[in-house]
Amino acid sequence: MSAQTKITRISALQKNDLLSLANSSLKYWHAKLQHCAYKTCPLPEVKLNQRGRIAGSAVLQRNVIRLQPMLFFQNQDYYHSDVIPHELAHLAVYHLHGKVRPHGVQWQNLMINVLNVKPLVTHQLDVKAAGIRTFSYACRCGKYELSAVRHNRIQKQSQRYICTRCKEPLAESLPIQ
Ligand SMILES: [Zn+2]
Ligand SMILES: [Zn+2]
């Protein structure tokens, strides 16, 4: 164990605080849609039920934004500045254009020109600090950190993951004890 205290659970009270924080952030970003073609997009609902290493996701057909509660709890500024506008943009694009490429030209235009947010598609948040378990895998050309879900699929032999660069299957790299 590291000296840093690891928080792996958040209380119901903290969840309530996170929800109201997310909702006021969402209202701030949603207000920015009012002066463009996206103004007809209804205010989405926020749920704190995203699991794993994913910061957040958008449930397009239900107009719901799912946030990973532990990552949100530990990175609140980043969620306001990046994750919430990112997911809102997905929902607004779906509302106006239907099913198009998720990080395609409409989404990028909305992020850059309306919301004024860098259109990033990956995050650098500390998933270990958020108590999210990862498993180390390697191929010929590098290392990967996989989520518990992916790790379990590989262990059950129901799925293989191929490195996009060297096309080799990933194998678990275990530490020397
Ligand atoms: Zn996205
Ligand atoms: Zn590789």
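Laboratory data are not the source of any read-out in this text; all were calculated from the coordinates shown. Fair warning: this is a prediction, and the values are worked out from it, not measured in the lab. So basically every Cβ, Gly included, is an ideal-geometry build from the backbone, and we count neighbours across all protein chains shown.
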Least to most buried among Val105, Val59, Val93, Val46 (fewest other Cβ within 10 Å first)
Val105, Val59, Val46, Val93
Under the 7 Å Cα-to-Cβ spin-label approximation, Leu13 and Ser173 lie apart by a distance in nanometres of 4.4 nm
Which whole-number percent is the relative contact order of segment 61-177 (Cα, under 8 Å, 6+ apart)?
18 percent
So which DSSP H runs in the chain come out at 24 Å plus along the axis (Cα) with average Kyte-Doolittle of at least -0.5?
12-31
Among Asp17, Asp126, Asp82, Asp77, which comes first, second and so on when ranked by fewest other beta-carbon atoms within 10 Å?
Asp77, Asp126, Asp17, Asp82
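Listing Arg150, Arg51, Arg101 from the residue with the fewest other Cβ atoms within 10 Å to the one with the most, what is the order?
So the residues, fewest neighbours to most, are Arg101, Arg51, Arg150.
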